[in-house]
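Peer 1: Dropping a structure here in structure tokens format, bear with me for questions.
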Amino acid sequence: MACENNLVVKQIIDLYSQISNLESLKPSKSVDTLFGQLVSTCLPTDTDIDVTKIHDDKVKDMRSHLIKLCGEAEGYLEQHFSTIIGSFEDNPLNHLHMFPYYNNYLKLSELEFDLLSQHISHVPTKIAFIGSGPMPLTSIVLAKFHLPNTTIHNFDIDSQANTLASSLVSRDPDLSKRMIFHTTDVLNAKKGLDQYDVVFLAALVGMDKESKVKAIEHLEKHMAPGAVLMLRSSHGLRAFLYPIVDSCDLKGFEVLTIYHPSDDVVNSVVIARKLGGSTEARNSEIGRCVVMPCNCSKIHAIMNSRGTMKNMIEEFGTVE
């Protein structure tokens, strides 16, 4: 089957054509409608399309550009709603539900926390989120609902994004003390990265394979041995929206879990541990996850109880 002749791919190509001809990707009726249609088209998981096996240069180039357009539009959307929500005189965090994808972030953050819990022996006191953006919902949700005693350091290259993000938590008596913002390029963040037990790498950091791998290599060089790296990836048709992180991209890490949701949570979740720590400690940690299947069953139970999610989980593949 020629990929470009697939009906769904034709629909994606048509939507890409319309999106690429928009005068602006800032929130508007036309932008919201087209991206809503694009996401809906890419959500189904009952497809045999593997974008990693696409050889048609036209489709490959289209996908690469579409991912960048999606990232740009997402940045504008976050900036728009962060500005609105941050303008409330009371605690802006009381108005997060205004963000169109807030419920998706609630689901994704709970999923990530539950998966992370399978691979750590203690609650981290300090974590880093690279690429937090103007609407750092993952950090906020984790700090507010899952990690009430953890300090989260948010890194973003855009000072305006950090100003907006900081405004969201500035009037919250708890999160204003536990959410710290750093304006820097991830590739310039070196000293101090070894202080974090867990590092999150946002999906929009590295919108092409080369830059994504470069960011991962930098983190591998400066993270502490045994620290956990959480990444967002994509699978199936969703790879037309976000880049794919392959196991082979994680040199110097041990891949623990790759989780592919099949509901309206778009991103896959990849969990890896940096090699080079205490072998005994690492083996103990890995063994803990292997011999306690009830923990993994908890993930299935939580998601299945909602009646909305099935999943595919790949576990414990080692990257040399």
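The values are calculated or read from the model by the stated rules, or taken from the named source; none is laboratory data. Keep in mind it's a predicted model, so treat the numbers as computed, not measured. Don't worry about glycine lacking a Cβ; one is built from the backbone with ideal geometry, like all the others, and counts go over all protein chains shown. For the accessible areas, the whole protein counts, side chains as well, though only heavy atoms, and no ligand, DNA or RNA atoms are used. Shrake-Rupley method; radii C 1.70, N 1.55, O 1.52, S 1.80 Å.
Peer 1: Run the simple label-point estimate for residue 187 and residue 113 please: 7 Å along Cα→C-beta, distance reported in nm.
Peer 2: For residue 187 paired with residue 113, the spin-label model returns 3.5 nm.
Peer 1: Work out how much length residue 32 to residue 90 would gain on full extension: take 0.36 nm times their residue separation and subtract the Cα-Cα distance, in nm to one decimal. Display every interim value, and only then the final one.
Peer 2: Working: separation 58, 0.36 × 58 = 20.88 nm, distance 2.83 nm.
The residue 32-residue 90 span can extend by a further 18.1 nm.
Peer 1: How large is the charge dipole for the stretch 127-240, taken about the Cα centre, if only the Cβ atoms of Lys, Arg (+1) and Asp, Glu (-1) carry charge, to the nearest 20 debye?
Peer 2: My answer is approximately 140 debye.
Peer 1: Ok, one more. With viscosity set to 0.692 mPa s and temperature to 37 °C, compute the Stokes-Einstein D of the stretch 171-218, Rh being the Kirkwood radius across alpha carbon pairs; µm²/s, no decimals.
Peer 2: Working: Rh = 12.8 Å.
For these conditions, the coefficient is 257 µm²/s.
Peer 1: Taking a 21 Å limit on the Cα-Cα distance, which of the listed pairs 68/212; 26/60; 190/212; 126/251; 212/274; 68/209 fall beyond it?
Peer 2: 26/60; 126/251
Peer 1: Sorted from largest down, give the three principal axis spans of the alpha carbons of the stretch 1-309, whole angstrom values.
Peer 2: Principal extents (Cα only, largest first): 52, 50, 42 Å.
Peer 1: If one puts a single equal scatterer on every Cα of the stretch 35-108 and applies the Debye formula without solvent, what log₁₀ I(q)/I(0) results at q = 0.14, 0.15 Å⁻¹?
Peer 2: Relative scattering, expressed as log10 I(q)/I(0), comes to -0.64, -0.71.
Peer 1: Between residue 180 and residue 163, what length in nm is gained on full extension when 0.36 nm per residue of separation is reduced by their alpha carbon distance? Mind dumping the intermediate values first?
Peer 2: Numbers: separation 17, 0.36 × 17 = 6.12 nm, distance 1.13 nm.
Stretched fully, the residue 180-residue 163 segment lengthens by 5.0 nm.
Peer 1: Same structure, new question: Count the net charge of all other residues whose Cβ sits under 12 Å from the Cβ of residue 101, scoring Lys and Arg as +1 and Asp and Glu as -1. Write down the numbers at each step before the final one.
Peer 2: Numbers: positive: 107; negative: 32, 74, 78, 264.
Counting the neighbours of residue 101, the net charge comes to -3.
Peer 1: At a 1.4 Å probe radius, carbon and sulfur cover how many percent of the accessible area of the stretch 132-184? Numbers along the way, then the final one.
Peer 2: Numbers: 1100 of 2070 Å².
Within the stretch 132-184, the accessible surface is 53 percent carbon and sulfur.
Peer 1: Next question. On average, how much accessible surface per residue is there in the stretch 81-230, in Å², for a 1.4 Å probe, leaving out ligands, DNA and RNA? Can you show the working numbers first?
Peer 2: Working: 6230 Å² over 150 residues.
So the stretch 81-230 comes to 42 Å² accessible per residue, rounded to a whole number.
Peer 1: In addition: Order these peptides, 110-118, 55-63, by their mean beta-carbon neighbour count within 10 angstrom, highest first. Display every interim value, and only then the final one.
Peer 2: On the way: 110-118: 18.6, 55-63: 13.9.
Result, highest mean first: 110-118, 55-63.
Peer 1: Using Cα positions and a limit of under 20 Å, work out the lysines in reach of residue 107, with same-chain residues fewer than 8 apart set aside.
Peer 2: 144, 298, 310
Peer 1: Along the charge dipole of the stretch 1-118, pointing to its positive end and built from +1/-1 on Cβ of Lys, Arg, Asp and Glu, which listed residue (35, 62, 75) has its Cα farthest out?
Peer 2: Sorting the options by dipole projection puts first 62.
Peer 1: Tell me which aspartates and glutamates have Cα within less than 16 Å of residue 221's Cα, excluding those fewer than 8 residues away on the same chain?
Peer 2: 185, 194, 197, 249, 254, 320
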